[in-house]
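Novice: Submitted below is the structure of interest, expressed as structure tokens.
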Amino acid sequence: MPDRGPLSGYLSVLNPEQLEAVRHEGAPLLILAGAGSGKTRVITTKIAYLIRERGVEPESILAVTFTNKAAREMAERAAAMEPRAERAVLRTFHSFGSWFLRRNGALLGLDSKFVIYDDDDSTTLLGSIMEDAPRAQAAKAAHAIARAKDYFLSPDDPGLSVIDHREEFRTWYRQYEEKLRAIGNVDFGDLIKRPTELLREHPEVRARFRQRFRVVLVDEYQDSNVAQFELLKELCGPETYLCVVGDDDQSIYRFRGAEVRNILDFPDRFPGTTVIRLERNYRSTSFILQVAGSVVDRNQGRLGKTLTAERGSGKKPTLAFLRDQDEEASFCAELVERSATSGVRYSDWAILYRTNAQSLGFETEFLHRRIPYRVVGSLKFYEREEVKDALALLAFSLNPRDEVAFRRVANKPARGIGAATLERIVAEAARGAPSPDELEDAVLPGDLAAAARRLSPSLSSKARAGVGEFLRVVETGAALLSGGSSAGAGAAKKGRSAEGGLSAGEGLSEFVVRVAIDSGLSDYHRAQDEIAGTQRVANLQELANAASLYPASVEGLVEFLEHIELDRASAAEEASEDSVTLITLHNTKGLEFRRVVMTGLEQGVFPREDKKDDELEEERRLFYVGATRAMDELYLCSCAQRRLYGRTMPTEPSLFLREIDEGAVRVVGRSPSASMGLSAPPAHARGAGASADGLWRVGGRVFHDDYGYGQILSVRESGEGPVVVARFESGRDFRFLPRYQSNSFMRIGDE
DNA sequence: TCACAGTGACTTTTT
DNA sequence: GTCACTGTGA
């Protein structure tokens with residue numbers, strides 16, 4: 001190990017703990033990295049260091065993260081330090097699993113062209129097993145199966161009863177697995193579970209991978225689940241250098257199967273572990289850390305650490321008690337607008353909320369006020385009906401055994417294949433008795449296209465015509481893809497595209513457009529557009545545009561479909577012009593903003609429902625994650641009432657607000673505990689009117705940086721614009737000339 | 001087989 | 001307030 005001596009530039013910027021973490025070698029390392037402690041810097045530097053100074057081959061480094069965004073960022077930063085780092089394998093757990101299975105899945109009888117089913121597809125598949133069950137029930141059971149896979153539980157595992165103790169659940173799970181295997185596709189959980197099983201059952205593959213990856217790094221380790229832990233154990237032999245980085249206080253994916261014990265027990269599971277703590281926070285000022293820490297401190301099961309702020313005390317966070325979500329939205333908008341006049345960029349701001357549904361109010365308000373914003377996550381584009389239809393057709397053209405895709409599009413647009421006919425075809429395929437001539441064509445059992453063809457003569461004339469049409473569509477598509485889309489085919493497409501309302505672009509895009517038009521999906525959804533004024537054809541066009549990045553081949557299609565399942569958020573979100581970020585608390589992990597507003601701090605919203613024990617602790621960690629995103633300023637909003645299900649309900653302030661250290665925040669607004677004379681302005685002040693521009697009205701609510709929350713008592717015009725007198729929570733009245741106070745004095749709504 | 005209207009249920013958080 | 005599902009009638 002190169003000790004002492006002047007450090008090269010990229011190492012000299014590290015603090016002693018970070019440097020120790022980068023230089024550590026031997027066996028295993030657990031880095032407990034508090035929020036904002038330079039965790040990503042340590043990992044990327046470590047990669048560069050290993051390659052540059054320890055002679056490690058880039059190809060032998062595997063680094064896994066949980067989100068694609070994190071993986072990309074890591075790759076970029078590592079490559080900036082050391083170009084050879086580009087050759088390292090930097091992926092999300094799931095994308096690594098998929099990569100692994102496409103190469104080695106044959107050992108499990110898995111075709112390399114498999115498609116990844118999302119939750120919706122899994123529900124459809126399970127629904128075909130749970131006869132007559134309403135879809136909601138199938139969705140619930142599908143969810144339970146997903147959890148079972150997170151915990152590495154198979155249908156015959158005794159431990160399965162922890163997930164769902166019903167014997168019928170075990171049966172559904174078993175049948176679901178059988179069917180999924182017969183179809184030849186995988187679900188999310190399989191991307192972790194099946195590689196692990198394969199590595200266990202095939203020592204030669206395990207040896208090969210252990211030979212290949214000498215260094216394994218895991219980021220956000222606190223969010224790993226049991227299956228991922230099992231996978232790591234298979235990947236890491238005695239010779240492998242394993243380094244995991246995480247923060248138990250930021251474990252927020254328990255609901256998805258994340259197991260905090262993974263990080264808490266790491267030193268026990270991997271004997272000889274070195275633990276290095278990074279507790280210097282370079283992101284936030286100390287009052288912000290105090291607020292975040294005082295809440296998460298209440299948690300029991302945690303390793304415990306103390307962050308120290310390297311940036312000084314800064315400004316106290318503001319806790320604002322507001323009336324309702326409308327006032328909350330205008331409060332946020334005012335904060336942003338006000339700061340914008342003094343040169344703060346929109347992109348310095350992030351509005352955080354617990355559930356995606358809460359974004360709507362902010363969007364409406366920001367749109368109204370022309371404040372640019374972007375909504376991160378919740379991109380439901382690939383869940384849209386028309387998009388899923390097109391994707392199902394594409395998937396079916398890859399795999400005629402795909403029952404889920406078949407059920408979705410066989411009769412869409414309606415071609416006379418009703419439920420009865422559909423079930424007959426599915427049953428026929430399951431019976432799987434190919435005729436002799438089909439056997440010669442190597443027809444796979446379960447081939448739905450073949451079954452439909454077989455059954456066709458015995459169907460009613462209407463159904464027979466429909467089946468014929470569907471088969472024609474599928475065959476045309478398959479031929480187009482495998483036969484190479486020649487220039488001639490391209491020209492033919494262009495001719496038809498105008499009529500379908502879609503236009504073909506580069507690469508795979510032509511194929512997508514062709515299939516959408518030829519199948520009638522394009523016409524079908526265009527008709528829907530005309531009825532409902534929707535944008536479905538435009539969405540199909542967007543899907544086709546996204547496909548243009550991929551080659552027009554079977555491989556290109558497989559890649560495209562995988563990308564959609566594993567990395568659906570990226571496309572629209574990269575729009576990097578100056579705008580406010582609207583984002584769920586969960587989605588903020590790994591991000592930072594100069595100014596952060598956490599909204600909806602009310603019992604039932606955040607924390608959600610009456611969460612108790614473990615779940616409440618997870619909500620606290622979520623609070624911690626949200627608050628520690630803020631660099632300079634943090635605002636917390638709590639509303640006295642909130643609309644839910646279209647009904648306005650009174651709400652209680654969040655439990656977390658009581659847990660915050662008194663003195664670490666500045667409270668504005670009528671705190672429910674200390675509601676001071678703000679209920680109604682004195683009678684003499686009523687009716688005094690409004691300013692000439694109509695902006696300032698008696699009774700209107702205002703907020704001032706120094707005095708907090710208040711209500712307007714009187715308004716009159718002067719030579720310098722309106723003069724406003726307001727009474728604040730302290731009970732004192734102050735006079736303002738808003739013209740000169742635009743930065744510290746603002747409206748937050750009318751009466 | 002399909003279109004429509006009325007009725008219920010429902011909201012975390014995501015790879 | 002929204003969405004999905006159910007039953008009815010054509």
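The values are calculated or read from the model by the stated rules, or taken from the named source; none is laboratory data. What you are looking at is a predicted structure, and each value in this text was computed from that prediction instead of being measured. Here the Cβ is made from the backbone with ideal geometry for all residues, glycine too, and neighbour counts use every protein chain on show.
Novice: Among the residues of the stretch A:381-416, which ones are away from DNA strand C (no atom under 16 Å from the Cβ) and at pLDDT below 85?
Specialist: Those that are away from DNA strand C (no atom under 16 Å from the Cβ) and at pLDDT below 85: A:Pro413, A:Arg415.
Novice: OK, next. Is the stretch A:99-120 home to any residue that is within 16 Å of DNA strand C (Cβ to nearest atom), closer than 16 Å to A:Asn185 by Cα and in a helix (DSSP H, G or I)? Full working, then the answer.
Specialist: Initial filter on the stretch A:99-120 (within 16 Å of DNA strand C (Cβ to nearest atom)): A:118-120.
Still in the running and closer than 16 Å to A:Asn185 by Cα: A:118-120.
From what's left, in a helix (DSSP H, G or I): A:119-120.
Checked the stretch A:99-120: at least one residue is within 16 Å of DNA strand C (Cβ to nearest atom), closer than 16 Å to A:Asn185 by Cα and in a helix (DSSP H, G or I).
Novice: Then there's this: Return the pairs, sorted by first residue and then second, in which the second residue is part of a helix (DSSP H, G or I) and of a type in the set (Ser, Thr, Tyr), the first residue lies in the stretch A:194-211 and is more than 16 Å from A:Ser98 (Cα to Cα), the beta carbons are less than 9 Å apart, and the residues are 6+ apart or on different chains.
Specialist: What qualifies is A:Gln211/A:Ser60.
Novice: Cβ-Cβ below 6 Å, separation at least six or inter-chain, first residue in the stretch A:393-420 and farther than 14 Å from A:Thr476 by Cα, second aromatic (Phe, Trp, Tyr) and surrounded by fewer than 20 Cβ atoms within 10 Å (Cβ to Cβ): which pairs?
Specialist: A:Pro413/A:Tyr524
Novice: So which pairs qualify, if the first residue must be in the stretch A:638-661 and over 21 Å from A:Arg621 (Cβ atoms), the second must be within 16 Å of DNA strand C (Cβ to nearest atom) and among the acidic types (Asp, Glu), the Cβ gap must be under 8 Å, and the two must be at least 6 apart or on different chains?
Specialist: Pairs found: A:Cys639/A:Asp324; A:Ala640/A:Asp324; A:Gln641/A:Asp324; A:Arg642/A:Asp324; A:Arg643/A:Asp324; A:Thr648/A:Asp324.
Novice: Follow-up. I'm checking my understanding of the structure. Among residues of the stretch A:626-655 that are surrounded by 24 or more Cβ atoms within 10 Å (Cβ to Cβ) and aliphatic (A, V, I, L, M), which one is nearest to A:Glu327 (Cα to Cα)?
Specialist: A:Leu636
Novice: Scan A:Leu335, A:Leu319 and give me the residue that is closer than 18 Å to A:Arg594 by Cα, at pLDDT 90 or above and part of a strand (DSSP E or B).
Specialist: On the way: A:Leu335 fails: part of a strand (DSSP E or B).
Unique residue meeting the criteria: A:Leu319.
Novice: Moving on to the next point. Keeping to the stretch A:373-401, report how many residues are within 12 Å of DNA strand B (Cβ to nearest atom) and either in contact with a strand residue (DSSP E or B) (Cβ under 7 Å, 6 or more places away or on another chain) or of a type outside the set (A, V, I, L, M) (or both).
Specialist: Of the residues in that region, 7 qualify.
Novice: Follow-up. Could you count how many residues in the stretch A:585-608 are near DNA strand B (Cβ under 9 Å from one of its atoms), over 23 Å from A:Tyr346 (Cβ atoms) and surrounded by fewer than 19 Cβ atoms within 10 Å (Cβ to Cβ)?
Specialist: 1
Novice: So how many residues does the stretch A:35-74 have that are within 22 Å of the chain's Cα centre (by Cα) and either of a type in the set (D, E, K, R) or outside any helix (DSSP H, G or I) (or both)?
Specialist: Kept after step one, since they are within 22 Å of the chain's Cα centre (by Cα), are these residues of the stretch A:35-74: A:35-36, A:39-40, A:63-74.
Filter once more, so that each one left must be either of a type in the set (D, E, K, R) or outside any helix (DSSP H, G or I) (or both): A:35-36, A:39, A:63-67, A:69, A:72-73.
Residues meeting the conditions: 11.
Novice: Ok, one more. Name the single residue that is nearest to DNA strand C (Cβ to nearest atom) among those in the stretch A:121-132 being assigned to a helix (DSSP H, G or I) and of a type in the set (Gly, Ala, Ser). Write out each step before concluding.
Specialist: Pass one, the stretch A:121-132, residues assigned to a helix (DSSP H, G or I): A:121-127.
Narrowing further to those that are of a type in the set (Gly, Ala, Ser): A:122, A:127.
Details: A:Ser122: 14, A:Gly127: 9 Å.
So the residue we want is A:Gly127.
Novice: Next question, about the same structure. For the stretch A:625-655, give me the residue count where each residue is touching a helix residue (DSSP H, G or I) at 6+ places or on another chain (Cβ under 7 Å) and within 16 Å of DNA strand B (Cβ to nearest atom).
Specialist: 5
Novice: Restricted to the stretch A:24-37, and to residues that are out of contact with any Gly (no Cβ under 9 Å at 6 or more places or on another chain) and either of a type in the set (Phe, Trp, Tyr) or surrounded by fewer than 22 Cβ atoms within 10 Å (Cβ to Cβ) (or both), which residue is nearest to A:Thr285 (Cα to Cα)?
Specialist: A:His24
Novice: Any chance the stretch A:572-579 includes a residue that's modelled with pLDDT of 85 or more and either of a type in the set (A, V, I, L, M) or in contact with a helix residue (DSSP H, G or I) (Cβ under 7 Å, 6 or more places away or on another chain) (or both)?
Specialist: Quick first cut of the stretch A:572-579, residues modelled with pLDDT of 85 or more only: A:578-579.
Among the residues that remain, those that are also either of a type in the set (A, V, I, L, M) or in contact with a helix residue (DSSP H, G or I) (Cβ under 7 Å, 6 or more places away or on another chain) (or both) are: A:578-579.
Yes, there is a match, as at least one residue in the stretch A:572-579 is modelled with pLDDT of 85 or more and either of a type in the set (A, V, I, L, M) or in contact with a helix residue (DSSP H, G or I) (Cβ under 7 Å, 6 or more places away or on another chain) (or both).
Novice: Of all the residues that make up the stretch A:278-293, how many are outside any strand (DSSP E or B) and closer than 13 Å to A:Met631 by Cβ? Walk me through how you get there before you give the answer.
Specialist: Residues of the stretch A:278-293 that are outside any strand (DSSP E or B), as a first pass: A:279, A:282-293.
Now drop any that are not closer than 13 Å to A:Met631 by Cβ, which leaves A:282-289, A:292.
Selection size over the stretch A:278-293: 9.
Novice: Could you list, in sequence order, all residues of the stretch A:133-162 that are within 14 Å of DNA strand C (Cβ to nearest atom), part of a loop (DSSP other than H, G, I, E, B) and surrounded by 15 or more Cβ atoms within 10 Å (Cβ to Cβ)?
Specialist: A:Ala133
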